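Before any comments, here is the structure.
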Amino acid sequence: MRRLGGQSQFSASMELRSKAGEAFSQLHDWILENIESPLLIEDLAEQAMMSPRNFSRIFTEKTGLTPGKYVELIRLGRARELLGAGTQAVDAIARISGFKREERMRRVFI
């Protein structure tokens, strides 16, 4: 995840991965691989091998973000990357990023 040329090397995904720490780094990678899926709290908890309630509590403690907000930020970062590339339509980017609809993606950007 490196940008071309002299552009800033900031990566929202990498920043979020560092927030997740070692305990949730594999979950972060799994989220990226499955970003187009709904990714319910039960799915995330199952990947972390925890109950949904315990997962939500510990994840929020470790990252400072709820699991839903964390997934939303990863989706937002993915959408930014795709929009920056400029090779796909906005509605396609919304689907690929997991927002499903262009309107939902716009609201998250705002």
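Bear in mind that the values in this text are calculations on the coordinates, not laboratory data. Quantities reported herein were computed from a predicted structural model and do not represent experimental measurements. Cβ: placed from backbone, ideal geometry, glycine included. Neighbour counts: every protein chain shown.
Working ranking of peptides 75-81, 35-41, 48-54, 65-71 by packing, defined as the average number of other Cβ atoms within 10 Å per residue, highest first, is 75-81, 65-71, 35-41, 48-54. Take the Cβ atoms of Trp30 and Arg95, set R0 to 25 Å, and the FRET efficiency comes out at 0.80. Ordering 83-91, 24-32 by mean Cβ neighbour count within 10 Å, with the highest value first, yields 24-32, 83-91.
Toward the positive end of the charge dipole of segment 31-110, with +1 on the Cβ of Lys and Arg and -1 on the Cβ of Asp and Glu, the farthest Cα among Gly64, Asn34, Ser51 is that of Gly64. Put simply, the amide H of Lys100, placed in the peptide plane, has neighbours under 5 Å in Arg95, leaving out anything fewer than 5 places away on its chain. Segment Leu83..Leu65, full-extension length gain: 4.0 nm, with 0.36 nm per residue of separation and the alpha-carbon distance subtracted.
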